[in-house]
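The structure appears below as structure tokens.
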Amino acid sequence: MSHGTWLIIMACAMRAFGLGTVFVLIAIYLRLVGLNLVQIYLSLNAALAGAVVYIHSIVFVYDTLGRRRLLITFAINLAGASPVVASTEQFPVLIAVAFLGAFRLAGRGSAGAGDRRG
């Protein structure tokens, strides 16, 4: 196995470990906020469902916006949604924000690596 291949595999493993850790920390945070296990389950599933919609929507807007604008849009979405999660304990708001992007864990790799426009 070449050095580059090994680095890519290790980077993917570290990213997977980080994403799993973030989901565990989110679940702990939601429990500390006072949500029960069913609400935590629904919140995390809403986040995963939102990620599915997010990743599939990239197919329709990627060519129009390009990688840089798309990533900036997603960063703004995350930056706007995260304070809402930190400041509310209302379950319906947490579900909506989880679906819209506060728990979004899909990163640069989902925006497409083949675009040369930057």
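The values are calculated or read from the model by the stated rules, or taken from the named source; none is laboratory data. Since the model is a prediction, treat every value here as computed from it, not as a measurement. Please note: Cβ atoms are built from the backbone with ideal geometry, for glycine as well, and neighbour counts cover all protein chains shown.
Could you check segment 79-118 and list, in sequence order, the residues that are among the hydrophobic types (A, V, I, L, M, F, W, C), surrounded by 11 or more Cβ atoms within 10 Å (Cβ to Cβ) and at pLDDT below 50? Answer for segment 79-118, where residues must be among the hydrophobic types (A, V, I, L, M, F, W, C), surrounded by 11 or more Cβ atoms within 10 Å (Cβ to Cβ) and at pLDDT below 50: Ala106, Ala111.
Residues checked against (1) of a type outside the set (Phe, Trp, Tyr); (2) modelled with pLDDT of 85 or more:
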residue: Tyr41; (1), (2): no, yes
residue: Ile58; (1), (2): yes, no
residue: Tyr62; (1), (2): no, no
residue: Arg67; (1), (2): yes, no
residue: Leu71; (1), (2): yes, no
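This table checks each residue for (1) out of contact with any Gly (no Cβ under 6 Å at 6 or more places or on another chain); (2) of a type in the set (Phe, Trp, Tyr).
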position: Met10; (1), (2): yes, no
position: Ala16; (1), (2): yes, no
position: Gly20; (1), (2): yes, no
position: Phe23; (1), (2): yes, yes
position: Ile28; (1), (2): yes, no
position: Tyr62; (1), (2): no, yes
position: Arg69; (1), (2): yes, no
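Consider segment 49-71 and keep the residues that are of a type in the set (A, V, I, L, M) and touching a Leu at 6+ places or on another chain (Cβ under 9 Å). The one that is surrounded by the fewest Cβ atoms within 10 Å (Cβ to Cβ) is Val61.
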